[in-house]
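The values are calculated or read from the model by the stated rules, or taken from the named source; none is laboratory data. Remember, predicted model here, so these are calculated numbers, not experimental data. Cβ placement follows ideal geometry from the backbone for every residue including glycine, while neighbour counts extend to all protein chains displayed.
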Amino acid sequence: MLIVAALIIAAAIYLMVRRVDVRLVLLGAGLAMALLAGQPLAIADTFTRAMVTAMVAPICAAMGFAALMHATGCDRHLVHALLAPMRRLEWLVLPGGILSAYLVNVAVPSQGATAAALGPILIPLLLASGRTPAVAGAALVLGASFGGDLLNPGAQDVQAVSGAAGLDAALLSARVIPASLAGVVVATVVFTMLNWRRRAPADAATETPVVATPVDEPWLHVNPFKAVIPLVPIALLLTAYAGWDPLAWLVAIPPGDEWRPLAGALPVVRAMLLGALLGVVVAWREVLTLTKAFFDGMGSAYANIISLTITAQCFGAGVALIGLADALLRLASASHALVPLAAGFPWALATLSGSGSGPILAFAQTFLTQVSPADHPVTLAAIACLGGAFGRTMSPVSAVVVYGSGLVGAPPLSVIRHLLPALFAGGVVAMTVALR
């Protein structure tokens, strides 16, 4: 039976490489394994439970907030504020561009949206500084996809993994945040050192950027208040989780047993709603449009993110039902390979599929739900979150790589080739820090 399960998973990987919808593949593979185990209804039950799990609220609220920030233009003000110094300091363009994309991804929990918001401004600056289109695209992708969203306590991966595996989201964030920050600093330094000098434009003749924005284009007049608003919910959550007494109300849970399952969700939703309220205040004349944008963003989160978490949990249920998860866990435990499993499984699957969230959740549902507290599940979850982010960053079929390479007119593999050394260096450092 385990051999058949391995064949099903191999077929699923093949279909993802062929760019079949990841949700269809995960759901179909999970159902096939459940049928093989004689328990097909378990998939329907898992589907039902995942539809109403506590992680739905914070993910939808975060995406609704991001949509409202886009509707108000606050995200654009943040981007312009971050990139303004780079117009005057050429040496800052390369490292500053990577870190700016990383920071924008903290507030905009979508790698593709981050690249779309930043790319038309950052790419002309990088090209004017002498970088080839492939290097410019690699800098954009590296910053936008390294894992800045994981710094946000409301990040979809953090919330989904904590919900699927029953872990404390605040503890997971506390493990991921310093690791990701250390990793991106190292990745930025390595990338900058490797691309500091102007590269010979031998391969640039075949690369024609589609960005036509002139570098001397008059920039948006930055409204500091609008530029700060996208970061307000993250700042509130990090400060409250750090134990600052004036913000104790943000993490306080109402009395009553019915609120306990929402203990991790309530602070995130509260912070996102406060941020959304500030967005409405700065653009109060458009309150009807902003309300629609917020709820459209929530609906988009369910359609594009929650649906992925549901199908990933169904896949994990199928792997568990057929006994493959137990077999792999026994093998990994016996060989002390749980950490390599936590890093390698999401990384490899994300590289193949182009999705970071699906592999991360598949690992959480398949393995994290079965490890003992002695195996440090929070650490394994942090490693898995980082591995999924890094795999997505080097995937030629991920949305952010496809967009970034298309923006500069370079092949995806050319862009990936330029970012790989920095990604691996930063990834090793991030996972080393996460293990401490």
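Filtering 373, 346 for residues that are under 26 Å from residue 139 (Cα atoms) and either free of Cβ contacts under 8 Å to residues at least 24 places away in the same chain or crowded, with 24+ Cβ neighbours inside 10 Å (or both) leaves a single hit, 346. Taking helices (runs of 4 or more DSSP H) as the structural unit, those lying wholly within segment 337-436 and holding at least 2 residues that are over 16 Å from residue 144 (Cα atoms) and touching a Lys or Arg at 6+ places or on another chain (Cβ under 7 Å) correspond to 377-393. For segment 130-137, the criterion of being closer than 29 Å to residue 71 by Cα and surrounded by 22 or more Cβ atoms within 10 Å (Cβ to Cβ) is met by at least one residue. Checking each residue in segment 278-308 for being aromatic (Phe, Trp, Tyr) and either closer than 24 Å to residue 30 by Cβ or outside any helix (DSSP H, G or I) (or both) picks out only 302.
Taking the conditions exactly as written (hydrophobic (A, V, I, L, M, F, W, C), in contact (Cβ under 8 Å) with a residue 60 or more places away in the chain and either surrounded by 24 or more Cβ atoms within 10 Å (Cβ to Cβ) or out of contact with any Leu (no Cβ under 7 Å at 6 or more places or on another chain) (or both)), does residue 401 satisfy them or not?
Working: hydrophobic (A, V, I, L, M, F, W, C): yes; in contact (Cβ under 8 Å) with a residue 60 or more places away in the chain: yes; either surrounded by 24 or more Cβ atoms within 10 Å (Cβ to Cβ) or out of contact with any Leu (no Cβ under 7 Å at 6 or more places or on another chain) (or both): yes.
So residue 401 passes the test.
Taking the listed residues 118, 103, 126, the one that is more than 20 Å from the chain's Cα centre (by Cα) and assigned to a helix (DSSP H, G or I) is 126, with no other qualifying.
Taking the criterion of being assigned to a helix (DSSP H, G or I) and under 23 Å from residue 406 (Cα atoms), the residues of segment 139-166 that qualify are 139, 140, 141, 142, 143, 144, 145, 148, 149. Residues of segment 41-65 that are surrounded by 15 or more Cβ atoms within 10 Å (Cβ to Cβ) and outside any helix (DSSP H, G or I): 53, 54, 55. Here residue 420 meets each of (1) out of contact with any helix residue (DSSP H, G or I) (no Cβ under 6 Å at 6 or more places or on another chain); (2) closer than 17 Å to residue 171 by Cβ; (3) modelled with pLDDT of 90 or more with one exception, condition (2).
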